[in-house]
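Input: one structure, supplied below.
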Amino acid sequence: MGKDVIVACDFSSAEATFDFLSKFENEKRKPFVKIGMELYYAEGPSIVREIKRRGHKIFLDLKLHDIPNTVMKAMRVLSQLDVDITNLHAGGTKAMMRAALEGLTRPDGTRPMLIAVTQLTSTDQQAMEEDLLIKEPIDKVVMHYAKCAEESGLDGVVCSPLEAAKVHETCGHAFITVTPGVRFADGDIGDQKRVMTPKAAKEIGSDYIVVGRPITQAADPVAAYRRCVEEFIG
Ligand code: C5P
């Protein structure tokens, strides 16, 4: 399982995205790109095909959550985009996760990696209890959702870097952890609350880090990307 730095391309247009990616044209290591809802809904599947054509690996972060049959059919369409990783909400139940895997698997047996969002890091204990009526401690809920994802055959979870070690303990080391909330020791934390440096994320065993603004908003994005790779992969 190769470790990598995934750059969150949270841009609202193809133009802004390609302006940014063109800075990396001469880099030997092409950044692994995360395409989220904003960019995908603005530009559609063509943005995925074009970034792929330029030689980048892609994490398509659309967080599907619907009835199993609908998710299966949506995943069947996404499997044709040839992304490397995609995701869904574990809260959709094991039946939904198994249906997603079925839809994602191509006739030749290959498929992108499928990972689950457990509880969003924007959901705290209070919101979980009051809005979702889930009364268990949030870390127990996160580990339970991770275990359900693993039992459904998924490849890993998106989680806080602070949860990565516990996820590996609960679900095994082959089960991957993809962790956002990464900041340089001397950088701005922005609206992220619980952050970790790329080096610390490496030490606690994250498999992939997702880094947005520390790279996209840097004065020199290529230098910031190289610094992340150096700290996280070495
Ligand atoms: O700019 P920044 O490094 O904070 O970007 C982090 C990326 O990871 C964003 O695309 C954000 O939506 C995503 N993300 C997150 N926290 C989660 C799940 C996803 O920050 N729990």
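Run Pro214 past the list (1) more than 11 Å from the ligand (Cβ to nearest atom); (2) surrounded by 15 or more Cβ atoms within 10 Å (Cβ to Cβ) and report the number of the one that doesn't hold.
(1)
Looking at this structure, is Lys166 of a type in the set (Lys, Arg) and more than 13 Å from the ligand (Cβ to nearest atom)?
Spelling it out, Lys166 is indeed of a type in the set (Lys, Arg) and more than 13 Å from the ligand (Cβ to nearest atom).
Same structure, new question: Please specify each residue of region 23-49 satisfying the condition of being surrounded by 14 or more Cβ atoms within 10 Å (Cβ to Cβ) and of a type in the set (Phe, Trp, Tyr).
Phe24, Phe32, Tyr40
Only one residue in Phe184, Phe175 is modelled with pLDDT of 95 or more, surrounded by fewer than 22 Cβ atoms within 10 Å (Cβ to Cβ) and in contact with a Lys or Arg (Cβ under 8 Å, 6 or more places away or on another chain). Which one?
Numbers: Phe175 fails: in contact with a Lys or Arg (Cβ under 8 Å, 6 or more places away or on another chain).
That would be Phe184, the only listed residue that is modelled with pLDDT of 95 or more, surrounded by fewer than 22 Cβ atoms within 10 Å (Cβ to Cβ) and in contact with a Lys or Arg (Cβ under 8 Å, 6 or more places away or on another chain).
While we're here: Since Phe18 meets every condition but one in (1) under 25 Å from Ile209 (Cβ atoms); (2) touching a residue at least 40 places away in the same chain (Cβ under 8 Å), which condition does it not meet?
Result: Phe18 passes all but (2).
Also, I was wondering about something else. Considering Phe11, Phe20, which residue is within 23 Å of Thr179 (Cα to Cα), buried (at least 16 other Cβ atoms within 10 Å of the Cβ) and touching a Cys at 6+ places or on another chain (Cβ under 7 Å)?
Result: Phe20 is the single residue among Phe11, Phe20 that is within 23 Å of Thr179 (Cα to Cα), buried (at least 16 other Cβ atoms within 10 Å of the Cβ) and touching a Cys at 6+ places or on another chain (Cβ under 7 Å).
So, restricting to helices (runs of 4 or more DSSP H) that lie completely within region 36-114, which ones have at least 2 residues that are within 16 Å of the ligand (Cβ to nearest atom) and within 24 Å of Asp10 (Cβ to Cβ)?
It comes to 37-43, 45-53.
Evaluate region 153-172: report whether one residue or more is at pLDDT 95 or above and over 21 Å from Ala116 (Cα atoms).
no
Scan region 13-28 and tell me whether some residue there is among the basic types (Lys, Arg) and at pLDDT below 95.
So the first thing to find is which residues in region 13-28 are among the basic types (Lys, Arg), and the list is 23, 28.
From what is left, the residues that are at pLDDT below 95 are 28.
Yes, some residue in region 13-28 is among the basic types (Lys, Arg) and at pLDDT below 95.
Considering only residues of region 115-151 that are β-branched (Val, Ile, Thr) and in a helix (DSSP H, G or I), which is nearest to Lys34 (Cα to Cα)?
Ranking the qualifying residues of region 115-151, first place goes to Val142.
For (1) within 11 Å of the ligand (Cβ to nearest atom); (2) within 20 Å of Thr86 (Cα to Cα); (3) touching a residue at least 60 places away in the same chain (Cβ under 8 Å), each residue gets a yes or a no:
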| site | (1), (2), (3) |
| --- | --- |
| Val141 | no, no, no |
| His144 | no, no, no |
| Val157 | yes, yes, yes |
| Ala174 | no, yes, yes |
| Val178 | yes, yes, yes |
| Ala185 | no, no, no |
| Lys193 | yes, no, yes |
| Thr197 | no, no, no |
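All but one of (1) part of a helix (DSSP H, G or I); (2) touching a Phe, Trp or Tyr at 6+ places or on another chain (Cβ under 7 Å); (3) closer than 30 Å to Thr105 by Cα hold for Pro214; state the number of the condition that does not hold.
That leaves (3) as the condition not met.
Among the residues of region 87-96, are any surrounded by 18 or more Cβ atoms within 10 Å (Cβ to Cβ), over 29 Å from Ala219 (Cβ atoms) and polar (S, T, N, Q)?
Looking through region 87-96, at least one residue is surrounded by 18 or more Cβ atoms within 10 Å (Cβ to Cβ), over 29 Å from Ala219 (Cβ atoms) and polar (S, T, N, Q).
The values are calculated or read from the model by the stated rules, or taken from the named source; none is laboratory data. Not measured: the values here are computed from a predicted model. Ideal geometry is used to build each Cβ from the backbone, glycine not excepted, and the neighbour counts take in all protein chains shown.
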